[in-house]
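Only the coordinates and a few stated rules stand behind these numbers; no lab work does. Please read all numbers here as calculations on a predicted model, not as lab measurements. As a convention, Cβ positions derive from the backbone with ideal geometry for all residues, glycine included, and neighbour counts pool all protein chains shown.
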Amino acid sequence: MSTSAASATGGERITMLKVLNPFHIWALGVGIVLVGEFMGWNFSVAKGGAYGSLIACWVIGLLYTCVAMIDSEVTSTVAAAGGQYTQAKHIIGPLMAFNVGLYLVMAYTMLEAADALVVGDLMKSGAEALGYAGLDTKPFVVLTIAFLAWLNYRGVFMTLTLNFVITLFAFFAILVLFLVTDPVHPGAVLKHSELLTDLPYGWIGVIASLQFGMWYYLGIEGTCQAAEEVRSAGRAIPLGTMGGMMTLLVAASLTWYICSGLMPWQYLGQAVTPLYDAASLIGNTKVQVLLFIGTMFSAIASANGCINDAARAWFSLGRDRYMPVWFGAIHPRYRTPYRSIIFLIPIAVSFAFTGLLDQVITFSILSGLLGYTFMSINMVKFRKKWPLNSIKRGYIHPFHPIPAITLFILCSAVYFATFLGYGASLLSIMAFYIVASLWFTFRRYQFVKRGDQFTMPWPRPKGY
Amino acid sequence: MAKKFIPKKQSGLGQFVDSIFILVLVYVSLYIPLWLKSESAAAAANNGPKPTWESLHLPAVIQEQWVKLGYDAEKAAALIDTKFDYTIDPVMLLVTAAVIIGYFIYMIKVSDKQYREVIAEKFGDK
């Protein structure tokens with residue numbers, strides 16, 4: 001039951017195809033995130049200086065390591081589309097699950113919109129460089145979303161295989177840029193000793209920079225959405241997720257090292273494409289072109305992964321009737337959640353064209369953050385309701401409950417960081433989730449079957 | 001054994017209205033900060049005479065990088081003088097903390113009540 005859904009043709013039950021391996025999981029997780037190294041992370045430099053951003057990189061790296069550890073255990077045990085949503089449904093309860101489903105859909109759809117805008121802006125910059133000024137970016141934004149949605153519609157294997165290739169290329173571009181900066185001879189190209197300064201705002205700036213430090217890794221938890229489509233969830237999810245985290249830690253450190261050694265922090269803190277700017281400063285045309293393509297590929301890979309994940313989360317909400325059941329259908333031929341994929345296209349496009357990029361990005365980050373807070377609570381409840389050896393786990397993460405407690409504390413720090421910079425957005429986004437929760441409790445839940453929500457072959461939870 | 005709950009069937013129109021409701025809610029929450037116009041954007045503090053590289057007192061290497069990036073002294077000064085204000089309003093901080101904590105407490109309590117119904121129907125009464 002958990003792996004099936006109504007087909008488009010009626011009562012027949014069909015499942016998604018189990019065709020993915022750990023490389024696809026890596027491509028999904030890193031693909032969504034890597035664009036954050038090409039742009040976005042550097043806003044943390046504006047908030048707390050270059051060293052503040054580096055501290056944020058490590059602190060938030062610890063937050064995401066906890067996320068990856070927890071996710072690997074729970075997802076390898078609850079292997080179903082919807083990822084954290086399905087986990088919440090089985091471990092905490094329906095209202096939490098509904099909220100987690102919304103976090104996922106909002107975080108990924110809004111990130112997808114921002115990615116498509118980046119592709120449009122890059123096309124404009126590229127056209128300008130070739131002598132065609134004033135290119136209209138809108139058609140490229142729509143085309144990017146539409147093409148990637150079509151790819152997602154046609155099948156997950158090709159979608160994530162493409163993601164693997166372009167994500168690897170983008171990662172390779174960062175490695176090449178690092179090597180070109182002659183890192184073994186400090187001062188030759190990279191000028192850290194002259195460019196690095198003390199913390200411009202002191203430690204409060206470091207805390208404020210945590211919010212944009214999330215960009216280094218935001219979305220790696222999306223690997224869970226493929227749990228229903230991997231050949232072996234117990235192997236592929238932990239391998240792909242933890243491998244992805246290691247890749248991102250390397251990419252984030254290299255990115256910081258290159259950019260902070262080439263640009264004054266005040267410039268870096270507001271740069272739109274800092275890695276591309278770094279390549280421009282080196283003055284090597286080939287590397288510049290490589291970084292242009294790398295930036296473009298990273299944005300496309302991110303949008304592609306986001307469509308994949310948002311559609312699966314929306315599909316799962318529909319399958320359980322948390323949202324209209326019409327969305328809970330799988331394509332009879334391509335075995336993809338096609339109605340959810342199509343439904344989210346105009347929504348992503350409309351987010352891209354609101355002109356509210358700041359709010360859209362903050363909504364995306366905060367939805368992710370709310371999801372991480374949930375994970376810390378979820379992990380504690382999971383081990384309490386089903387202690388070790390009471391059910392078969394694909395993977396058991398070490399040192400419980402230290403990762404869960406660390407995650408909770410770090411999430412609290414990021415809420416404070418968000419309050420420092422985007423207090424009004426924080427409150428309005430919380431208002432959205434509160435109203436949505438009331439709506440679910442007093443209206444939507446009447447359409448939901450009770451016992452059918454629990455689909456795992458587990459014994460009764462302890463204490464219930 | 002707990003009595004099986006039979007959910008209401010929802011019409012196509014009802015499904016459509018429910019989908020639109022969530023979308024409208026998202027857009028409203030995206031626009032609220034704009035209506036309030038209260039986000040703390042960084043502000044430039046320089047109201048003095050037109051800056052020069054000499055007046056900025058930058059080390060030679062840093063000045064060189066600004067020039068390579070295509071900046072003159074005036075444009076660079078606009079960025080260098082831009083500062084964030086991290087003054088904390090304690091009342092707003094308390095309100096924000098109360099909203100987030102209250103939200104999670106409400107969600108966990110209601111979820112637990114709903115979860116007990118799910119478990120009772122799935123596994124039978126204890």
What is the mean number of Cβ atoms from other protein chains located within 10 Å of the Cβ atom of each residue in peptide B:85-91, rounded to a whole number? 3
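Net charge near A:Met214: determine it from the other residues with C-beta under 13 Å of the C-beta of A:Met214, scoring Lys and Arg +1 and Asp and Glu -1.
Counting the neighbours of A:Met214, the net charge comes to -1.
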Quick one: which residues, 5 or more positions from A:Leu20 or on another chain, have an amide H under 5 Å from its amide H? H modelled 1.01 Å from N in the peptide plane, none for Pro or chain starts. A:Val230, A:Arg231
Specify whether the C-alpha gyration tensor of the stretch A:320-395 places it in the rounded, prolate or oblate class, a ≥ b ≥ c being the square roots of the eigenvalues: rounded for a/c under 1.5, otherwise prolate if a/b is larger than b/c and oblate if not. oblate
Provide the packing ranking of B:23-34, A:108-119, B:51-62, A:414-425, i.e. peptides ordered by the mean count of other C-beta atoms within 10 Å per residue, highest first. A:108-119, A:414-425, B:23-34, B:51-62
So for the stretch A:61-199, averaging the separation of alpha carbon pairs under 8 Å that are six or more residues apart and normalising by length, what relative contact order in percent results? 10 percent
Compute the semi-axes of the equivalent ellipsoid of chain A, taking the square root of 5 times each eigenvalue of the Cα gyration tensor, and list them largest first in whole Å. 36, 25, 20
What is the angle, in °, between the Cα long axis of helix A:357-385 and the longest principal axis of the Cα atoms in chain A? Nearest 10 is fine, range 0 to 90. 50 degrees
Tell me the label-point distance for the pair A:Ile342, B:Glu74, using the 7 Å Cα-to-Cβ offset, in nm and rounded to one decimal. 5.6 nm
Give, as ranges by residue number, the residues of the stretch A:336-368 whose backbone N falls under 17 Å from the point 7 Å along Cα→Cβ of B:Val28. none
Taking B:Asp89, A:Asp309 and counting other beta carbon atoms within 10 angstrom, the fewest-first order is B:Asp89, A:Asp309
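Among DSSP bridges having both ends in the protein assembly as shown, what percentage is antiparallel? Round to the nearest 5. Before the final figure, lay out each step's value.
Details: 5 of 8 bridges.
That works out to approximately 60 percent antiparallel.
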Counting every C-alpha pair in the stretch A:56-196, the percent lying more than 19 Å apart is 74 percent
How high is the relative contact order of the stretch A:26-447, in percent, counting Cα pairs under 8 Å that sit 6 or more residues apart? 35 percent
Of A:Lys384/B:Lys109; B:Lys8/B:Lys122; A:Lys449/B:Lys109; A:Lys47/B:Lys50; A:Lys384/B:Lys113, pairs whose Cα-Cα distance is over 22 Å: A:Lys47/B:Lys50
10 Å beta-carbon shell around A:Ala329, net charge (K/R +1, D/E -1): +2
Taking chain A and counting helices only, DSSP H stretches of n ≥ 4 at -39,500 (n - 2.57) each over all residues, the nearest-500 ellipticity at 222 nm comes to -23000 deg cm²/dmol
Would you mind counting up the charge near A:Ser280? Only other residues with Cβ under 15 Å from its Cβ, with Lys and Arg at +1 and Asp and Glu at -1. -1
Take the alpha carbon atoms of the stretch A:386-425, find their center, do the same for the stretch A:95-137, and report the distance between the two centers in whole angstrom. 28 Å
Once amide H atoms are placed 1.01 Å from N in the peptide plane, what residues at a sequence separation of 5 or more from A:Ile14, or on another chain, have their amide H within under 5 Å of its amide H? A:Ala5, A:Ser7
What is the angle, in °, between the Cα long axis of helix A:285-319 and the longest principal axis of the Cα atoms in chain A? Nearest 10 is fine, range 0 to 90. 20 degrees
Listed by chain and number, the aspartates and glutamates with an alpha carbon less than 20 angstrom from that of B:Lys126, same-chain partners under 8 positions apart left out, are A:Asp452, B:Asp112, B:Glu117
In whole Hz and in residue order, list the ³J(HN,Hα) couplings for the stretch A:433-439 that follow from phi through the Karplus curve 6.51 cos²θ - 1.76 cosθ + 1.60, θ = phi - 60°; x for Gly and Pro. 5, 5, 4, 4, 5, 5, 4
What residue among A:Ala278, A:Ala431, A:Thr295 has its Cα farthest toward the positive end of the dipole of the protein assembly as shown, where the charges are +1 on Lys, Arg and -1 on Asp, Glu, each on the Cβ? A:Ala431
